[in-house]
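Everything on this sheet refers to the single structure shown next.
The values are calculated or read from the model by the stated rules, or taken from the named source; none is laboratory data. Here the structure is a predicted model, which is why all the values come from computation and not from measurement. Here the Cβ positions follow ideal geometry from the backbone for every residue, glycine too, while neighbour counts run over all protein chains shown.
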C-alpha cells in the first residue's frame with residue numbers, strides 16, 4: 001500500500017509541474033500602462049458626455065496613470081474598473097478574453113427601484129394565467145375591465161419585430177393598454193421601432209442624435225402594421241428602466257393618447273452597441289458609446305432619465321405587502 005501511495009504521489013507531482021500553467025498562470029500581459037493610455041485616449045476621442053457631466057478628463061488621467069503603473073498583472077482590472085466608473089455611465093463595461101462583461105457603474109435610481117417591482121405581484125391582478133410569446137420576451141393578457149397588459153422583458157435580437165404584432169393583435173379590442181417596461185436594460189433599435197410604429201397615426205419626427213458633434217439626418221417614424229392602436233395607453237416605468245426601454249418611453253410620450261406613469265428612469269442614452277467595443281493593446285476590451293442621443297427637449301437622457309407624466313412612487317415594502325401601486329394607478333386610469 002505504501003508503495004502504491006508513493007507512486008501515486010510521484011505521479012501527482014509530475015502532473016502538477018507538467019501542467020503548471022493550468023494551476024498558476026502568469027498575468028495575461030504586462031501592457032497595463034499601454035492599456036490605460038489607449039482606454040483614456042479612446043474615451044477622450046469619442047465619448048460624448050465628458051463636458052455635459054463636467055468631468056475633467058485630464059485630471060482623471062493624472063490620478064489613474066500612477067495606479068496603472070503600479071498594478072501588477074490582473075491588479076490592473078481593479079484600476080480599470082474604478083477608472084471607467086468615473087464616467088458614471090451604465091452602458092460602459094470591460095471584459096477579458098473569453099470573459100463576461102463587467103459594468104463598473106449602475107445608476108442610483110436603479111438601486112432604488114430594482115426591488116420595487118415583481119412579476120409575481122403583477123400576476124395577482126389577473127383572473128387568468130398570462131400568455132408568453134415564444135421567446136418569453138413579452139408576457140401579456142387582458143385584465144378585468146377589458147384592459148390590455150403587456151410586459152416587455154427584452155429589446156434584444158429581433159424578438160419584438162417578430163412577436164409584438166401578434167401580441168397587439170390579441171389586445172387590439174381592449175379599451176386601454178398598459179405597456180410595462182419596468183426593469184428593462186438595453187436592446188436593438190429595430191425592436192424600439194417595431195413597438196412605437198404601431199401606436200402612430202401620422203409621421204413623427206425622430207429625436208436628435210449626434211456622432212462626434214455631427215447631427216444625424218433621419219426620416220420620421222412612420223405608422224406601420226395592419227392597424228394602429230389608438231385607445232388610451234399607459235407606459236409603466238421606474239428607475240430600472242434603462243436604455244432601449246427609456247428610448248421607447250420617450251418616443252411614446254410624444255403621442256396624445258399615451259401617458260407615462262411611475263418613476264424617473266435610470267438615465268442611459270449613449271449609443272454605440274457592438275460598434276462601441278474597443279480592443280486594448282493586451283487584448284482586453286472596453287465598451288465606450290459614441291452616439292449622443294437626445295430627448296425631444298434637446299437634452300440627453302443620460303443621467304437625467306425620462307420623467308413620468310404622472311409620478312407614482314413605489315417601494316420594496318409595497319411589493320412585499322403584495323401591492324403594485326403603479327399598476328393599480330394605471331388600471332384606474334383606464335377603467
Counting only residues in region 212-227 that are surrounded by 11 or more Cβ atoms within 10 Å (Cβ to Cβ) and in contact with a strand residue (DSSP E or B) (Cβ under 6 Å, 6 or more places away or on another chain), the one nearest to residue 299 (Cα to Cα) is identified as 216
Just give me the residues in region 181-197 being at negative phi and buried (at least 20 other Cβ atoms within 10 Å of the Cβ), in sequence order. 181, 182, 184, 185, 191, 192, 194, 195, 196
Residue among 304, 311, 320 that alone is exposed (fewer than 14 other Cβ atoms within 10 Å of the Cβ), at pLDDT 95 or above and more than 19 Å from residue 123 (Cβ to Cβ): 311
Inside region 266-335, counting only strands (runs of 3 or more DSSP E) that do not spill past its ends, which hold 1 or more residues that are without any contact (Cβ under 8 Å) to a residue 24 or more places away in the chain? 277-279
I'm told residue 68 meets every condition in (1) at pLDDT 95 or above; (2) outside any helix (DSSP H, G or I); (3) in contact with a helix residue (DSSP H, G or I) (Cβ under 6 Å, 6 or more places away or on another chain) except one. Can you identify the failing condition by its number? (2)
If you go through region 234-259, how many residues are touching a helix residue (DSSP H, G or I) at 6+ places or on another chain (Cβ under 7 Å), in contact (Cβ under 8 Å) with a residue 60 or more places away in the chain and under 16 Å from residue 297 (Cα atoms)? 2
Of residues in region 47-65 being in a helix (DSSP H, G or I) and out of contact with any helix residue (DSSP H, G or I) (no Cβ under 8 Å at 6 or more places or on another chain), the one surrounded by the most Cβ atoms within 10 Å (Cβ to Cβ): 63
Residues being assigned to a helix (DSSP H, G or I) and within 11 Å of the chain's Cα centre (by Cα): count how many of those fall in region 240-265. 4
Within region 101-124, is there a residue that is at pLDDT 95 or above, in contact with a strand residue (DSSP E or B) (Cβ under 9 Å, 6 or more places away or on another chain) and assigned to a strand (DSSP E or B)? no
Kindly list the number of the only condition in (1) surrounded by fewer than 18 Cβ atoms within 10 Å (Cβ to Cβ); (2) modelled with pLDDT under 95; (3) farther than 30 Å from residue 285 by Cβ that fails for residue 156. (3)
Please tell me if residue 231 is in contact with a helix residue (DSSP H, G or I) (Cβ under 8 Å, 6 or more places away or on another chain) and either part of a loop (DSSP other than H, G, I, E, B) or at positive phi (or both). no
